[in-house]
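Everything below concerns the one structure shown next.
Just so it is clear, none of the values below were taken in a lab; they were calculated from the coordinates. These numbers were taken from a predicted model, which means no experiment stands behind them. Every residue, glycine as well, gets a Cβ built from its backbone with ideal geometry; the counts of neighbours run over all protein chains shown.
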Amino acid sequence: MISQLRAAPNQLTLLRLVFIPFVVIAIVGQHYRWGLALFVIAGLSDGLDGLLARVLKQQTALGQYLDPIADKLLLSTLFLVLSFEHKIPWFVTVLVFARDIGILIVSALLYTTNTLRDLRPSLWGKANTVVQVATILVVLMFEIWRTPALHTLRSIGLRATFALTLLSWIHYSLVVGKRLRSHGERSTS
């Protein structure tokens, strides 16, 4: 486990976790330029850790769990803080949190009971994450540059986030249900 922590990609992922309180401090202090800059750096570190893992052949089991956890912590924290700051409507944040917590609980139960182990994100889940990142980016940009174009993009992003969060949650539920039925049929045969 310690040797996996020393891998460069995992170090970048841990660095991304360190950025979270500083992004929050910047936003709460209404220093949106700093918040945006730190969010962009965190995003770049996310892309870089995946690239490094492949190039350096340092893909680890720890990294497979740590990377999505860091992503979700960053996004969920920012949705929460931006809702407290009245920059994102609460109904969007509540849905984002409900979906993530629901999926986390179901995944943990399935994993610990050895029922299902392969719970990779679907195309809908990946699209949802991309839209959430883009929405946070646009919300922060709008706080710096209040242009009509950014206002429109902000509204579109919030609606798309709500829709894709709901669709990806429904899709996840259907896929897991189908896999569980298939698993149950195989185990009784």
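Note the listed values [x] 39; [y] 32; [z] 18, then indicate which one is percent of Cα pairs over 28 Å apart calculated from this particular structure.
Recomputing percent of Cα pairs over 28 Å apart here picks out [y].
Please work out whether segment 116-162 counts as rounded, prolate or oblate from its C-alpha gyration tensor, where a ≥ b ≥ c are the square roots of the eigenvalues and a/c under 1.5 means rounded, while otherwise a/b larger than b/c means prolate and anything else oblate?
prolate
May I ask for the distance between the Cα centers of segment 1-60 and segment 94-144, given as a whole number of Å?
The distance from the Cα centre of segment 1-60 to that of segment 94-144 comes to 18 Å.
Student exercise: in the chain, how many lysine pairs 8 or more apart or on different chains have Cα atoms under 24 Å apart?
Lysine pairs, 8 or more places apart or on different chains, close enough: 5.
Taking the Cα centre of segment 1-85 as origin and charging only Cβ (+1 Lys, Arg; -1 Asp, Glu), how large is the dipole, in debye to the nearest 20?
So the dipole magnitude of segment 1-85 works out to roughly 220 debye.
Please list, by residue number, every one of the trypsin sites (Lys or Arg not before Pro) in segment 105-149 that is coil in DSSP and has at most 11 other beta-carbon atoms within 10 Å.
Answer in residue order: Arg117, Arg146.
Under a GNM of the chain (C-alpha, springs under 10 Å), which listed residue has the highest mean-square fluctuation: Thr165, Thr152, Thr129?
Among Thr165, Thr152, Thr129, the largest mean-square fluctuation in the Gaussian network model of the chain belongs to Thr152.
Can you pull out the trypsin sites (Lys or Arg not before Pro) in segment 1-109 whose DSSP state is coil and whose Cβ has at most 10 other Cβ atoms within 10 Å?
Listed in order of number, the matching sites are Arg6, Lys57.
Helix-only estimate, please: 222 nm mean residue ellipticity of the chain, summing -39500 (n - 2.57) across DSSP H runs of length 4 or more and dividing by its residues, to the nearest 500. Display every interim value, and only then the final one.
Working: 7 runs with 159 residues, N = 189.
Theoretical 222 nm ellipticity from helices: -29500 deg cm²/dmol.
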